[in-house]
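**Q** Next up is a structure, given as structure tokens.
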Amino acid sequence: MSRTAPGNRLPRLGFAPHLRVESRPGEPVFLMTEDRVTTLGGEQIALLAPLLDGSRDLPGIVADAAPGLPAGLAERLVARLLDAGLLCAYPQDGADGPERAYRSLTGLGARSADAPDPVLAAVDLTGDARSPLPEAVSAAGLPAAAPGEQAPLTLVLCHDYLDPRLSALDAEHRASGRGWLPVRANGTHLWIGPFFSAGDGPCWSCLADRLRLRRRGEAYVQHLLGHSGPAVHRRAYLPAGRAAALQLALLEAGKWLSGHRDAVQDSLWRLDTRTLESSRHPVRRRPQCSRCGDPLLVRDRVSAPVTLSPRPVRDESGGGHRAFGPQEMLDRYGHLVDPVTGVVGEIRRDPRGPEFLNCFHAVALPSWDPALPPPSLQSPLRSPGSGKGVTELHARVSALAEALERCSGYFQGDEPRRRGSYRELAGLAVHPDSVQLFDRRQFEDRRAWNRAHGPFHQVTEPFDEDVPIDWTPVWSLTERRQRLAPTSLLYYNAPDADTGYCRATSNGAAAGTSLEDAVVHGCLELVERDAIALWWYNRTRRPGVPLDARDPWITRLRAVLRDLGRTVWALDLTSDLGIPVVAAVSVRTGGTAEDIVLGFGAHFDPRIALRRALTELGQMLPPLTRETAGDATAYTGTDPEALHWFQHATTANQPYLLPAARRSARSPASLRPPRDAAAQAGALVALLRRHGLEVLVLDQTRPDVELPVAKVLVPGLRPHWAGFGPGRLFDVPVALGRLTRPTDFADLNPLPLHL
């Protein structure tokens, strides 16, 4: 037998160590693994196979294959087997075993005999009296770093991924170019990863920002109790579960130390110890991260002029004109939905009522830095995000977009601010009274009013023009210059919110397929809310809008509502601005409680305005779809103002909900908008300028979300909440001939719109 000559450093070749080789005379050679069999046929392979046992180098194989195989043929066969990945080099010492077979099976490759084994550092932050880490590292066969030795990778055992000590550990490792791997072995779910390392990947702060989204309630309680950092939860684990977490983490660490890299190492892996179901959750770098990104990105974006570029309209399938359709929207932003690391936890259908209503809710909570003022328990937002649409896809995307829009509107600390009083900045500053539009009599009676009404209708403190507050740049599309608006009017939970001068709301905030699209829909929402206020608080009767019997979706909706014991009609609320605004009204029949539901829509195209109103009405119906006995309301919510409305409001005592009896139903006139979002925005700016109104825009797009979000302000346009200051609320109905004289303050509708 010809083996490798002494001192020869040529590699010894053999079948990969994870392959079981079987052969017998007259049969092919079989190479078997745990899940497949590879067959090598032919007499030549049968002669060569017994020689490929890892004890010979290529010359030895060729020599021992002779004379049955010519030398050239033997070399070609070996080369083909190498190219196919069936052969590998064996160590000179002949070492073999399950670890080598595993490396071959998984493609990790064998360790170089000349290279030193990389060491692993281990850190235990759990505070357990006897750390399980040293024993686990030893059992895993990984060389442990000596105390004080800097290892290429550190395994960190913790009870909570938000442990503030991880921040300093991450900063230290990034500065030295070392990697680290967190593992949590506490609670119902075991957590491993991601691998953190210096470079372009995310840092611990990027992950912590996402994890805080799920724990905003806990952060509020901690702040209320005067505690810093996350709550320290009770330890809850089984020894077997903790051991499993450590061994699985060490398996990952061993692969990483061997040079194995793949995309899933950037994700957080989670194992449910109750069901043994596992899942991966992506962790992405936040471009504006103060540690691994550029913390000035938001400041620079907000401070820059808003430039609107041509954006052709290519989709009209939903409730508006968009640059692209809902499927592309989901493809672009669907990765932001994740129950652990997503901006949105999940999107789920409302289980109440017929599926045709297509009502979906996004579960998302904005992050909150305990250094900032605590979030209000009565936020001016009804839900993180609800979606509506003519199809399930449209409704899902609508819920996602609304949730991302609202998360983008929360103050995060990197927004540009300028401190000063209104009098000091009067040349640039936007007075909050021009947006909130409260009457002085509302300020005088605010305490009694606020005790009697919910968060949507709270009257603010009278604005003190001499008190310094924070101001944030907004861009005037009308005057093409920068102005300043109160930060607490623009962002939820801004630091000055506790002054009580301003209340940030979702009014005029819109997400879009482009910034131009978002500006258009933000403007349209303000026009819609203004028209609603003119109608609602003056209680004027408006003509009906025909429900097109040629539209199969409208026909189906009316049938669904009939099955629920309801009827529906629409009203034309279009104001002096001329943009079609439609109200949809649905009433339960056959009982004293009518459970009146409303939906609204505005658009250049009256057909789209009608559809928007009807889909919004459907979005409001799920709490009212249960069957009732007698005259009880079907409402299942807890909002006291809504409950009072559903219990007591009827078309008899609220006749302005009915179409004007002497005016025939007609659709509002179409404005035939341009087929481009930037041109539509320009048309809106020009229209509002002719009415003496200025359009202000704040780009609220977040770099880590990327969904375009615009907050639009048009001082003078009415919100649909109860703001009774002088202006359009009193002047426009008279100018349009709806009233012969302005409504007296005392005669305005005493019921604030509960929507």
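**Q** Whole number in Å², please: accessible area per residue of the chain, 1.4 Å probe, ligands, DNA and RNA not counted. Before the final figure, lay out each step's value.
**A** Values: 33410 Å² over 755 residues.
On a per-residue basis, 44 Å².
**Q** Further question: Does a label point 7 Å from the Cα of residue 135, set along Cα-to-beta-carbon, have any residues of segment 225-247 with amide nitrogen under 17 Å, and which are they?
**A** Answer for this model: 237-247.
**Q** Now, a different point. List the GluC sites (Glu not before Pro) within segment 130-207 that fall in a DSSP loop (any state other than H, G, I, E or B) and whose Cβ has at most 10 other Cβ atoms within 10 Å.
**A** Details: sites: 135, 149, 172; in loops: 149.
When the GluC sites (Glu not before Pro) of segment 130-207 are filtered for loop state and at most 10 Cβ neighbours within 10 Å, 149 remain.
**Q** Suppose we keep just the DSSP beta bridges with both residues in the chain; what percent of those would be antiparallel, to 5?
**A** On the way: 65 of 81 bridges.
Here the share of antiparallel DSSP bridges comes out near 80 percent.
**Q** Please give the length that would be gained between residue 643 and residue 391 if that part of the chain were fully extended, namely 0.36 nm times their separation in residues minus their C-alpha to C-alpha distance (nm, one decimal). Write out the running numbers ahead of the final one.
**A** Working: separation 252, 0.36 × 252 = 90.72 nm, distance 2.93 nm.
The span from residue 643 to residue 391 would gain 87.8 nm if fully extended.
**Q** Let me ask you something else. Just check segment 676-718 against the gyration tensor rule for me: Cα atoms, a ≥ b ≥ c as the square roots of the eigenvalues, rounded for a/c under 1.5, and otherwise prolate or oblate depending on whether a/b exceeds b/c. Don't skip to the end; give the middle numbers.
**A** On the way: a/c = 4.21, a/b = 1.74, b/c = 2.42.
It is oblate, given that a/c is not under 1.5 and a/b is not larger than b/c.
**Q** Also, I was wondering about something else. Given 499, 589, 573, which one lies farthest toward the positive end of the charge dipole of segment 487-631, if we put +1 on the Cβ of every Lys and Arg and -1 on the Cβ of every Asp and Glu?
**A** Selected residue: 589.
**Q** What FRET efficiency comes out for residue 243 versus residue 35 if R0 is 35 angstrom and r is the Cβ-Cβ distance? Round to the nearest 0.05. Don't skip to the answer; put the middle values down first.
**A** On the way: r = 27 Å, r/R0 = 0.78.
The value I calculate is 0.80.
**Q** Still on this structure: List the residues whose amide H sits under 5 Å from the amide H of residue 123, counting only those 5 or more places along or on another chain, with H placed 1.01 Å from N in the peptide plane.
**A** Answer set, sorted by chain and number: 155, 156, 157.
**Q** When a/c reaches 1.5 or more, the comparison of a/b and b/c decides; with that in mind, is segment 411-539 rounded, prolate or oblate per its Cα gyration tensor?
**A** Working: a/c = 1.64, a/b = 1.08, b/c = 1.52.
Judged from the Cα gyration tensor, segment 411-539 comes out oblate (a/c at least 1.5, b/c at or above a/b).
**Q** Using θ = phi - 60° and the Karplus relation 6.51 cos²θ - 1.76 cosθ + 1.60, list the HN-Hα couplings for segment 404-413 in order, rounded to whole Hz, with x at every Gly or Pro.
**A** Residue by residue, segment 404-413 yields 5, 4, 6, 5, 5, x, 7, 5, 10, x Hz.
**Q** Can you give the Kirkwood hydrodynamic radius for segment 532-574, in Å, rounded to one decimal and based on Cα pairs? Don't jump to the answer; show the numbers that get you there.
**A** Values: mean 1/r = 0.0834 Å⁻¹.
Result for segment 532-574 stands at 12.0 Å.
**Q** Which ³J(HN,Hα) values in Hz, rounded to whole numbers, follow from the phi angles of segment 313-325 under the Karplus curve 6.51 cos²θ - 1.76 cosθ + 1.60, where θ = phi - 60° and Gly and Pro get x?
**A** Per residue, the Karplus-derived 3J(HN,Hα) values read 7, 10, 9, 10, 6, x, x, x, 9, 10, 6, 8, x Hz.
**Q** Here's something else I'd like to know. How much length, in nm to one decimal, is gained on full extension between residue 198 and residue 43, taken as 0.36 nm per residue of separation minus their Cα-Cα distance?
**A** Taking residue 198 through residue 43 to full extension adds about 50.4 nm, to one decimal.
**Q** What does the charge count around residue 389 come to, taking other residues whose C-beta lies under 11 Å from its C-beta (Lys +1, Arg +1, Asp -1, Glu -1)?
**A** Working: positive: 388, 396, 611, 612; negative: 392, 616.
Taking every Cβ under 11 Å from that of residue 389, the sum is +2.
**Q** Also, I was wondering about something else. Give the accessible area for residue 608 in Å² (nearest 10); use a 1.4 Å probe, count only protein heavy atoms, and leave out ligands, DNA and RNA.
**A** Only protein atoms counted, so the area is about 20 Å².
**Q** If you average the alpha carbon positions of segment 202-226 and of segment 235-291, how far apart do those two centres end up, in angstrom?
**A** Computed from Cα coordinates, the inter-centre distance equals 20 Å.
**Q** Still on this structure, please answer the following. Can you tell me the dipole magnitude for the chain around its Cα centre, using point charges on the Cβ only (Lys, Arg +1; Asp, Glu -1), in Debye to the nearest 20? The partial results should precede the final answer.
**A** Values: 87 positive and 86 negative charges, 328 e Å.
So the dipole magnitude of the chain works out to roughly 1580 debye.
**Q** Now for a different question. Taking the Cα-to-Cβ direction at residue 706 and at residue 636 and moving 7 Å from each Cα, how far apart do the two end points lie in nm?
**A** For residue 706 paired with residue 636, the spin-label model returns 3.8 nm.
**Q** How high is the FRET efficiency between residue 232 and residue 66 when r is their beta carbon distance and R₀ equals 51 Å, given to the nearest 0.05? Write down the numbers at each step before the final one.
**A** Numbers: r = 74 Å, r/R0 = 1.45.
For R0 = 51 Å, the calculated efficiency reads 0.10.
**Q** Here's a follow-up. Residue by residue, what Karplus-based ³J(HN,Hα) values in Hz, rounded to whole numbers, does segment 279-295 have, using 6.51, -1.76 and 1.60 with θ = phi - 60° and x for Gly and Pro?
**A** After applying 6.51 cos²θ - 1.76 cosθ + 1.60, I find 8, 10, 10, x, 10, 10, 5, 8, x, 8, 4, 6, 9, 10, x, 10, x Hz.
**Q** As an exercise, identify the GluC sites (Glu not before Pro) in segment 610-707 lying in DSSP coil whose Cβ has no more than 16 other Cβ atoms within 10 Å.
**A** Working: sites: 616, 627, 641, 694, 706; in loops: 627, 694, 706.
Loop-located and lightly packed - 627, 706.
**Q** Right, next: If you roll a 1.4 Å probe over the chain with all protein chains in place, what percent of the accessible area is carbon or sulfur? Write out the running numbers ahead of the final one.
**A** Values: 17490 of 33410 Å².
About 52 percent, which is the carbon plus sulfur part of the accessible surface.
**Q** Now for a different question. Return P(r) of segment 206-286 (all Cα-Cα pairs; 10 Å bins starting at 0; whole %; ordered from short to long distances).
**A** Percent of pairs per bin, in order: 14, 32, 36, 16, 2.
**Q** Okay, moving on. Suppose every Lys and Arg Cβ carries +1 and every Asp and Glu Cβ carries -1, with no other charges. What dipole size does segment 424-572 come out with about its Cα centre, to the nearest 20 debye?
**A** Values: 18 positive and 22 negative charges, 203 e Å.
So the magnitude is around 980 debye.
**Q** Normalising by the residue count of segment 24-109, find the relative contact order in percent from Cα pairs under 8 Å and 6+ residues apart.
**A** Details: 52 pairs, mean separation 15.1, N = 86.
Once divided by the residue count of segment 24-109, the mean separation gives 18 percent.
**Q** Obtain the nm distance between the two label points defined at residue 220 and residue 686 by a simple spin-label model: each point lies 7 Å from its Cα along the Cα-to-C-beta direction.
**A** The answer from the label model is 4.7 nm.
**Q** What does the accessible area of residue 279 come to, in Å² to the nearest 10, when a probe of 1.4 Å is used?
**A** 40 Å²
**Q** Same structure again: In segment 396-479, which trypsin sites (Lys or Arg not before Pro) fall in coil by DSSP and have 16 or fewer other Cβ atoms within 10 Å? Display every interim value, and only then the final one.
**A** On the way: sites: 396, 406, 417, 418, 419, 423, 440, 441, 446, 447, 451; in loops: 417, 423.
In loop regions of segment 396-479 (DSSP not H, G, I, E or B), the sparsely surrounded trypsin sites (Lys or Arg not before Pro) are 423.
**Q** Also: How would segment 33-168 be classified by its alpha-carbon gyration tensor: rounded, prolate or oblate, with rounded meaning a/c under 1.5 and the a/b versus b/c comparison settling the rest?
**A** Values: a/c = 3.90, a/b = 2.96, b/c = 1.32.
Verdict is prolate for segment 33-168.
**Q** Quick one: if you stick a label point 7 Å off each Cα along the C-beta vector at residue 309 and residue 419, how many nm between them?
**A** Label at residue 309, label at residue 419, 3.8 nm between them.
**Q** Taking every DSSP beta bridge that has both residues in segment 30-167, what percent is antiparallel when rounded to the nearest 5? Spell out each step's value before the answer.
**A** On the way: 3 of 9 bridges.
That works out to approximately 35 percent antiparallel.
**Q** If one puts a single equal scatterer on every Cα of segment 267-343 and applies the Debye formula without solvent, what log₁₀ I(q)/I(0) results at q = 0.13, 0.20, 0.24, 0.26 Å⁻¹?
**A** -0.73, -1.05, -1.09, -1.12
The values are calculated or read from the model by the stated rules, or taken from the named source; none is laboratory data. What you see is a predicted model; the values in this text were computed from it and never measured. Note that each Cβ is placed from the backbone with ideal geometry, even for glycine, and that neighbours are counted across all protein chains shown. Note: areas computed on protein heavy atoms with side chains; ligands, DNA, RNA excluded. Shrake-Rupley method; radii C 1.70, N 1.55, O 1.52, S 1.80 Å.
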